[in-house]
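Engineer: Here you go, one structure.
The values are calculated or read from the model by the stated rules, or taken from the named source; none is laboratory data. Here the structure is a predicted model, which means the values were calculated and not measured. As a convention, Cβ positions derive from the backbone with ideal geometry for all residues, glycine included, and neighbour counts pool all protein chains shown.
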Amino acid sequence: MNALLGRVVAALTVASVAAVLLGPEVAAIAGGLLLAFVLPGLALLGAVFSRRDLTAVERIVLTPALSMGVLILAGLAIHVVGLRIDRASWAVATGGVTLVALAVAWLAPRRAPEPPAVPAAPAAPAAPARAGAGGAAARAPHGLGQDATVVISIAEVEEALDAAEQEKAGRRRLVRQLLPLALVVLVLGGAGWLSFETSRTTHDTTVTALWAGPSGPVDRAGNRTVQVSAKGLLPEDEPYTLRVLSAPGKVVLTRTLAVAADGTWTEALRLPGAQRMTVNLYRVADDTAYRTLYLSAVD
């Protein structure tokens, strides 16, 4: 990756993260698409393949593939470390990977240009001598001086060396062609393994549910009785608080739940019948509702 393209990708990455976190909906969508399908892959191409010139087809295929691999691995890593998975964490993770890959590509040694071919010096003329069949050296005639030049053919040796070099070049070319595919398989395989491990470790996760039974009839005072229940309540999240709000947002009722040993709670609540009610469940450390239930009005 050349310096100009690297600066453009870095600027787009910072702008995309800012758009996702702070920008309007249209800018956030555009920035999210760039972070999901384009920018991480471009940066990784420059970091991983700094010593190789990729074809246009390879760049078109690898850029979205590597970007989606980064997106998957980033989401799994965010979940593993216990952070909340949302657009902010994903934007920061993919943007960070992109900037790190750009730094690696910038620090990686560049491929040195091949030196120009130097023409071979012309061979010195040799003294005439007789050669045997197939280029073998001929026996010097009786009485020939020791300083006489004998010509030996090396065509077969050069052909053998050329064949060996061609075989090595073919092996290197095959490795270069298979490396992008191996990298994609490695990324997707790692994502699949992390997904399986996450699914296995979270298989027994307790899910908290809040629901209500049918409303009873409205009495002369305009109230009705509703059976509200919850399950999956955890001791470490106690005490739970239940708040019932009327349509204007006024708190009608507040309860501190008495959780049973099996993590359940149920109670018949007496609520106004002619109003739509909102039932919010809060854990001990929550400022926002952990679970929400809506009760329609009864005529």
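Engineer: Please find, within segment 224-255, the residue that is modelled with the lowest pLDDT out of those that are part of a loop (DSSP other than H, G, I, E, B) and either aliphatic (A, V, I, L, M) or in contact with a Ser or Thr (Cβ under 7 Å, 6 or more places away or on another chain) (or both).
Structural biologist: This residue is Ala247.
Engineer: Within segment 214-240, can you find the residues that are of a type in the set (Lys, Arg) and closer than 24 Å to Gln275 by Cβ?
Structural biologist: Quick first cut of segment 214-240, residues of a type in the set (Lys, Arg) only: 220, 224, 231.
Once the filter is applied, which keeps residues that are of a type in the set (Lys, Arg) and closer than 24 Å to Gln275 by Cβ, segment 214-240 yields Arg220, Arg224.
Engineer: With respect to Arg243, is the statement that it is more than 14 Å from Leu281 (Cα to Cα), surrounded by fewer than 16 Cβ atoms within 10 Å (Cβ to Cβ) and not assigned by TED's automatic domain parsing to the domain that holds Leu66 true?
Structural biologist: For Arg243, the condition - more than 14 Å from Leu281 (Cα to Cα), surrounded by fewer than 16 Cβ atoms within 10 Å (Cβ to Cβ) and not assigned by TED's automatic domain parsing to the domain that holds Leu66 - is not met.
Engineer: Next up: Within segment 256-284, which residues are in contact (Cβ under 8 Å) with a residue 40 or more places away in the chain and either surrounded by fewer than 18 Cβ atoms within 10 Å (Cβ to Cβ) or assigned to a loop (DSSP other than H, G, I, E, B) (or both)?
Structural biologist: Correct list: Gly263, Glu267, Ala268, Arg270, Gly273, Ala274, Arg283, Val284.
Engineer: Only residues that are in contact (Cβ under 8 Å) with a residue 12 or more places away in the chain and of a type in the set (Val, Ile, Thr): list them for segment 233-255, please.
Structural biologist: Thr241, Val244, Val252, Thr254
Each row is one residue, and each column tells you yes or no for (1) modelled with pLDDT of 90 or more; (2) assigned to a loop (DSSP other than H, G, I, E, B); (3) assigned by TED's automatic domain parsing to the domain that holds Thr63; (4) not aromatic (Phe, Trp, Tyr).
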| site | (1), (2), (3), (4) |
| --- | --- |
| His79 | no, no, yes, yes |
| Ile85 | no, yes, yes, yes |
| Ser89 | yes, no, yes, yes |
| Thr94 | yes, no, yes, yes |
| Val97 | yes, no, yes, yes |
| Leu102 | yes, no, yes, yes |
| Ala112 | no, yes, no, yes |
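Engineer: Any residue that is in contact with an Asp or Glu (Cβ under 9 Å, 6 or more places away or on another chain), in the same structural domain as Ala103 (by TED's automatic domain parsing) and of a type outside the set (Lys, Arg) - is there at least one of those in segment 35-50?
Structural biologist: yes
Engineer: If I go through segment 189-211 residue by residue, how many of them are surrounded by 16 or more Cβ atoms within 10 Å (Cβ to Cβ) and modelled with pLDDT of 85 or more?
Structural biologist: Result for segment 189-211: 2.
Engineer: Hey, another quick one. Looking at segment 58-76 only, could you name the residues that are within 15 Å of Thr198 (Cα to Cα), free of Cβ contacts under 8 Å to residues at least 24 places away in the same chain and of a type in the set (A, V, I, L, M, F, W, C)?
Structural biologist: Ala74
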